[in-house]
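Read the structure below first, then the notes.
Nothing in this text is a laboratory measurement; each read-out follows from the coordinates by a stated rule. Everything numeric in this text was worked out from a predicted model, so none of it was measured. No Cβ is skipped: glycine too gets one built from the backbone with ideal geometry, and neighbour counts run over all protein chains shown.
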Amino acid sequence: MKKQFLSLFAATALLASCNDLKKPEAKDEPQEATADTAVVYRNGETPGAMADSAGNAIENAATKTGNAIENAWDMTKAKLADTKLEEIDLPEITVRGDERYSVYGLEEKILFDTDKAVVKPSATRALSEISASIGRRYAGKDVRILGFADSRGDKNYNRELSAQRAAAVKDWLVKNGQMKADRISLEPMGEKAPVASNATAAGRQENRRVEIAVLK
């Protein structure tokens, strides 16, 4: 009788031991796997969630940097005086500046045909002088290209045309002037900030222009 009891006890113990071998480890115990799973155990955050958090942090930092650059281009209070640069000898190029900005200007007739946004071949020399001057004096600085129109016609059309013209000048400077695209931003001004009266043909011609500004 005692032998039967001992045999039954031994069988029960053996069965329990086998069940323990089959039972999975508790969820709150660290697993022997990759470094990632160890990270998950330590802080309760999955690698994917960590990557998302890092990505959001980078994006937020980039947004703040972008806003800072945008704010740096506040030229509304700038008092730009005419400037003479020795390397700029074409009369169709104007140069103005102050302690923060240097602005090169070209009239529409030098750059484009009427209602067009394709840079004319005859503009090559002027744009070459400007890009060479920027490379010489302001290498690595941020550049902004502003497109302007006169007040005739639809405001939206004028703004869109000025945007296309600014983009065309940027494209030329990147392809032919060895300027980096990521250093150049665009600002379509449309009818805003006229430099002459829109009541006369001569004034309207002055207002149709492109300006290439450098943030010193």
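With the simple spin-label model, which puts each label point 7 Å out from Cα in the Cβ direction, the ARG136 to LYS116 separation comes to 3.0 nm. Database remark: amide H of SER102 closer than 5 angstrom to the amide H of VAL214, LYS216 (H placed geometrically; neighbours at sequence offset of 5 or more, or on other chains; Pro and chain starts carry no H). Near SER185, the amide H atoms lying under 5 Å from its own belong to VAL143, ARG144, ILE145; only residues 5 or more places off or on other chains count, and H is placed 1.01 Å from N.
Checking the a/c ratio against 1.5 first, then a/b against b/c, what shape does the Cα gyration tensor give for the stretch 81-215? Prolate is the answer for the stretch 81-215, as a/c is 1.5 or above and a/b outweighs b/c. What the phi angles of the stretch 138-153 give under the Karplus curve with 6.51, -1.76 and 1.60, with θ = phi - 60°, is a coupling list of 10, 4, x, 7, 6, 10, 10, 9, 10, x, 10, 9, 8, 8, 6, x Hz, glycine and proline written as x.
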